Amino acid sequence: MSTVIQGEDAVWEIVIGMEVHAQVTAESKLFSGAATAFGAEPNSQVSFIDAGMPGMLPTLNRVAVQQAVRTGLGLNAQVNHVSVFARKNYFYPDLPTGYQISQYEHPIIGEGAIEIDLPDGKVKTIGITRLHLEQDAGKSIHDMHPTKSYIDLNRAGCALMEIVSEPDIRGPDEATAYLSKLRMILQYLGTCNGNMEEGSMRADVNLSLRKLGDEKFGTRAEIKNVNSIKAVQQAIEYEAARQLEILENGGEVVQETRLWDPVKMETRSMRSKEDAHDYRYFPDPDLLPLELESEWVNSLKETLPELPDQKKHRFMEEYGLSLYDSSVLIAERSRADYYEKAANGQDPKLVANWLLNELLGALNKENTLLDDSKVSAEQLGELVGLIDDNTISGKIAKDVFAIMVETGKSPSDIVEEKGLKQVTDTGAIETLIDQVIAENPDNVAAYRGGKDKLFGFFVGQVMKKSQGKANPAMVNQILKKKL
Amino acid sequence: MNERKGQDNMDRKTVKKVARLARLELNDTQEERLVEQLGNIIGFVETLSEVDTNNVEPLASVVDNELRLREDKVVDGGQQDAVLKNAPETAEGYFVISKVVE
């Protein structure tokens, strides 16, 4: 695992802090009553507040505050009972007001920490510096016209949580593990859908190098537009190599904002951010300080759902699953919920196997999400139940499963329709075996003469005659007796 | 009140910088005049620094009110025409501007 990069004559540590912008799950925007749904007609979800019309006043969304507090609690962080909204001033075409309402000196959430799971099975704690609430900007679209940019303000004013980590992250693997865990926690809390493709979660990576063993941090560059887990990995690898080359040639890294270009696979300086450190923050005169009551915060604490790590440990204890299976199951909340529904009253390990090996594999092939699966959790559980009570064999189950994936029919209906019910009637199996013995006198003689390996041949013949429906254990048992 | 010359509190460089941040284009005469005017304003406001404010919490508002919170309901938007009405150029429901791309 690379937390370092090897130079000519020194090893350099890759030091990373991350800023993640997560869109708050809420019906309406942070300071206006316009809708937040993704994919609407351009500029159809814009209030005059979002459009920066003169004289419009912001009113804070209670649910956005609630979501920020719940997220803070999920990050084991301090909730600040007084926080202040401030204006961050800059000009950009998708920011109609000329300032973003954010929080600066007094964020709603202070220090916290989360645990990340590393590929080698180890756990590491990453400090959270703060979480604050702010408005999102609109969206600029550059590919609709050769010389023009198109602006859609639907996203302008949507509530964002900016979650800032301490520079505790080392190298690309830890960075992606951090992002995955953070995303998981937000999804579990239901405070952000974590959809990176739709831009509901975006990451900025602050990266610097220092000689391994040095105490002092090097000068960092901030990389923006790192919008997928894969991009985090690639951008870090590129940027670490770029800084290494500068440092090894005796140069100095410039503190600047750089843009990740996923097509050219490089980072480059963003000229528009030259004045980025001159935002001239000041408290927003349209908004009073936000004060939270302890009782309210405590009542939110009580409603927190089970978080990923708690669930992982419970799955291992309650269902006897391995660490690996548990980790895969809890990686998505909907997957964990699906599993628990399917495992209800069934053999939990068998259900985990069918879900992880068969269903997820089949869905993956079709590029379908578990949420859109034709096979419901109850149906998968039912299938496992049919195997468990010997109604069908494991082999037939795979055929039934293939039909389920295709049609969404219940397994018992399929078994009924196709007549796949396992034959467990001793008399019926004996008849089949007698036929096979009668048809293969030579092999019978050879087997009785000591060719033990032929036993498999007889089992195969009987199964074939039963069209796979005979209970294999019973076939084995009766065959042994008869031969 | 302290009568001070504007130039003591403000210089050309700062005026240029503030103008740039505010996206204002100034000629030499305007810059000189603003050095004087902004300097005078700062000099006037600086009187306040004579008050000892150590250990005093900043005052967020002079009204003794609490911040009012809104319920999370969609009660606004759905007015594409009105939103785009003042735009110099639009197309397919978008604002259209000169290309800005990094």
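The values are calculated or read from the model by the stated rules, or taken from the named source; none is laboratory data. Computed from a predicted model, the values in this text were never measured in an experiment. For neighbour counting, all protein chains shown are included, and Cβ atoms are generated from backbone atoms with ideal geometry for every residue, glycine included.
The sole residue among B:LEU48, B:LEU59, B:LEU34 that is over 30 Å from A:ASP152 (Cβ atoms), in a loop (DSSP other than H, G, I, E, B) and of a type outside the set (Asp, Glu) is B:LEU59.
Taking the stated definitions as given, is B:ARG23 surrounded by 15 or more Cβ atoms within 10 Å (Cβ to Cβ), of a type in the set (Lys, Arg), within 12 Å of chain A (Cβ to nearest Cβ) and without any contact (Cβ under 8 Å) to a residue 60 or more places away in the chain? Considered against the rule, which asks whether it is surrounded by 15 or more Cβ atoms within 10 Å (Cβ to Cβ), of a type in the set (Lys, Arg), within 12 Å of chain A (Cβ to nearest Cβ) and without any contact (Cβ under 8 Å) to a residue 60 or more places away in the chain, B:ARG23 comes out as no.
Which of (1) modelled with pLDDT of 95 or more; (2) more than 10 Å from chain B (Cβ to nearest Cβ); (3) over 17 Å from A:GLY199 (Cα atoms); (4) not in a loop (DSSP other than H, G, I, E, B) does A:LEU160 not meet, given it meets every other one? Going through the list (1) modelled with pLDDT of 95 or more; (2) more than 10 Å from chain B (Cβ to nearest Cβ); (3) over 17 Å from A:GLY199 (Cα atoms); (4) not in a loop (DSSP other than H, G, I, E, B), A:LEU160 breaks only (3).
All of A:ILE5, A:ILE49, A:ILE16 fail the test of being part of a strand (DSSP E or B), in contact with a Pro (Cβ under 9 Å, 6 or more places away or on another chain) and of a type in the set (A, V, I, L, M, F, W, C), apart from A:ILE16. Among the residues that make up the range B:64-78, is at least one of them surrounded by fewer than 14 Cβ atoms within 10 Å (Cβ to Cβ) and within 22 Å of the chain's Cα centre (by Cα)? No, the range B:64-78 has no match at all.
To keep it simple, each residue is scored yes or no on (1) at pLDDT below 95; (2) among the small types (Gly, Ala, Ser); (3) surrounded by fewer than 21 Cβ atoms within 10 Å (Cβ to Cβ).
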| site | (1), (2), (3) |
| --- | --- |
| A:GLY39 | yes, yes, yes |
| A:LEU57 | no, no, yes |
| A:ARG62 | no, no, yes |
| A:ALA68 | no, yes, no |
| A:ALA77 | no, yes, no |
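Among the residues of the range A:1-49, those identified as facing chain B (nearest Cβ under 8 Å) and either touching a helix residue (DSSP H, G or I) at 6+ places or on another chain (Cβ under 6 Å) or of a type in the set (D, E, K, R) (or both) are A:ALA26, A:GLU27, A:GLU41, A:ASN43, A:SER44, A:VAL46. For B:ASP76, are the conditions met, namely being out of contact with any His (no Cβ under 6 Å at 6 or more places or on another chain), at the interface with chain A (Cβ under 7 Å from one of its Cβ atoms) and either free of Cβ contacts under 8 Å to residues at least 12 places away in the same chain or closer than 30 Å to A:THR147 by Cα (or both)? The answer is yes for B:ASP76.
Inspect the range A:51-62 for any residue being facing chain B (nearest Cβ under 7 Å), under 30 Å from A:ASP309 (Cβ atoms) and out of contact with any Ser or Thr (no Cβ under 8 Å at 6 or more places or on another chain) and give the result as yes or no. Among the residues of the range A:51-62, at least one is facing chain B (nearest Cβ under 7 Å), under 30 Å from A:ASP309 (Cβ atoms) and out of contact with any Ser or Thr (no Cβ under 8 Å at 6 or more places or on another chain), which makes the answer yes.
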